[in-house]
Amino acid sequence: MNWDAVIGTAEIIGVVAIVFSLVYVAAQIRQNTDIARAMIVHETSVSFMHFHEVLATEADLADLFHRGTCGEELSVVETVRFRSLVEMYMTLLEDIDHQFKSDLYFDEDDGVEIIEFMAPTYRPLMSSPIAKDWWKNIGPHSTTPSLYKKMSEIMEKWDNEPTTE
């Protein structure tokens, strides 16, 4: 028996086993990444659902949200509560933006930033006078510079749109 041939065959089998192991590990990592992304999207959806659930089940908050987004005058306490709603919503957007930048959110390559994609959903809130004031005075200190820049550009476009009255 030729021991060199046996050793050579064993080495080839070892290399093939290592390659198969690496392919298996890569497939597991890909699967775990897909699961993690799905969980992140789900958790984000649950957070938004909770925000809207509070508005749907708490009549006083729904009324406050409506009056605040319509620009009606609010009492001092109502203004604090409305600003808190703005802060809550901005925290959600900040989280989504971070996930998107970390490549953990959408796996789509449509060239649209998530904050730009979601702009129609937060436009009524962020177009209100109280939210604009919050954005100007608190936003720069409460959001990341990149999110502040992106949203400021979006909000500036809203301000420059012709009105259809």
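Values in this text are rule-based calculations from the coordinates and carry no lab data. Remember, it's a predicted structure, so these values are computed and weren't measured experimentally. Positions of Cβ are backbone-derived with ideal geometry, glycine not excepted, and every protein chain shown enters the neighbour counts.
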> Helix 76-101 versus the longest principal axis of the chain: what angle, 0 to 90°, nearest 10, using Cα atoms?
Replying inline: 20 degrees
> What does the highest-first list of 72-85, 113-126 look like by mean Cβ count within 10 Å?
Replying inline: 113-126, 72-85
> So how much slack lies between Thr144 and Asn2, counting 0.36 nm per residue of separation and subtracting their Cα-Cα distance, in nm?
Replying inline: 44.3 nm
>> Give me the dipole magnitude in Debye, nearest 20, for the chain about the Cα centre, with unit charges on the beta carbon: positive for Lys and Arg, negative for Asp and Glu.
In response: 300 debye
> For Val41 and Ala17, FRET efficiency with R0 = 41 Å and r from the beta-carbon atoms, rounded to 0.05?
Replying inline: 0.65
> Among Ser84, Phe51, Ile130, whose Cα sits farthest toward the positive end of the charge dipole of segment 39-140 (+1 at Cβ of Lys/Arg, -1 at Cβ of Asp/Glu, about the Cα centre)?
Replying inline: Ile130
> What base-10 log of the normalised intensity I(q)/I(0) is obtained for the chain from the Debye formula, alpha carbons as equal point scatterers, at q = 0.11, 0.18, 0.20 Å⁻¹?
Replying inline: -0.59, -1.18, -1.34
>> 7 Å from Cα along Cα→Cβ at both Glu156 and Val77: what's the point-to-point distance in nm?
In response: 4.0 nm
> Calculated FRET efficiency, Asp60 and Thr33, Cβ-Cβ r, R0 35 Å, to nearest 0.05?
Replying inline: 0.25
> Once the dipole of the chain is set up with Lys and Arg at +1 and Asp and Glu at -1 on Cβ about the Cα centre, which of Thr121, Ala5, Ala27 lies farthest towards its positive end?
Replying inline: Ala5
